[in-house]
């Protein structure tokens, strides 16, 4: 899997196996998800030599200024593995935080729960039956296309609404400026 696919798979794993649903993520409204992503990105950015030092003494993770400042979860949830996996976890946590912010701001495409069981089952098909991987991968791509179409539809709707609002604001501004001129002309006429 490439980077994007790995991040999507990790996000699905987080939701399906760890039960980190939208409701769970929404309860972390003080930047905790972004902070956790920062910690995993930091771990993923370390050289192999630095990682060896930290891995030989796990308390170093906990004592580091980065972890003390940014990790707002139980130490039990801190599970660094290797550079790539840590970066994948960081990406999945960033995606979770972006989705949480979108839900908070009312962005429509992030309001729907993803049918994770279906997607996860398809991913398991790929893992358990490599010969059927092509068909399972096709199912995932079709699902992703559906999500992309939904997002495009949302963006088109948002753009239409923005244009309608801009037109309305322009008309109001025109009426206000025209109304002001009419009042001034009327006031001048009454005074003569």
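The numbers here are math on the coordinates, done by the rules we state, and not lab data. Remember, predicted model here, so these are calculated numbers, not experimental data. Please note: Cβ atoms are built from the backbone with ideal geometry, for glycine as well, and neighbour counts cover all protein chains shown.
Give the relative contact order (percent, whole number) for the stretch 3-109; include only Cα pairs under 8 Å separated by 6+ residues. Working shown, then result.
Details: 84 pairs, mean separation 48.7, N = 107.
In percent, rounded to a whole number, it is 46.
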* Asked: In whole angstrom, and with the biggest value first, how far do the Cα coordinates of the stretch 3-109 range along each principal axis?
  -> 45, 28, 21
* Asked: What order, most packed first, do the peptides 80-92, 45-57, 7-19, 23-35 have when packing is the mean number of other Cβ atoms within 10 Å of each residue?
  -> 80-92, 7-19, 23-35, 45-57
* Could you tell me which of rounded, prolate or oblate describes the stretch 1-66, using a ≥ b ≥ c as the square roots of the eigenvalues of the alpha-carbon gyration tensor, with rounded for a/c under 1.5 and, failing that, prolate when a/b is larger than b/c and oblate otherwise? => oblate
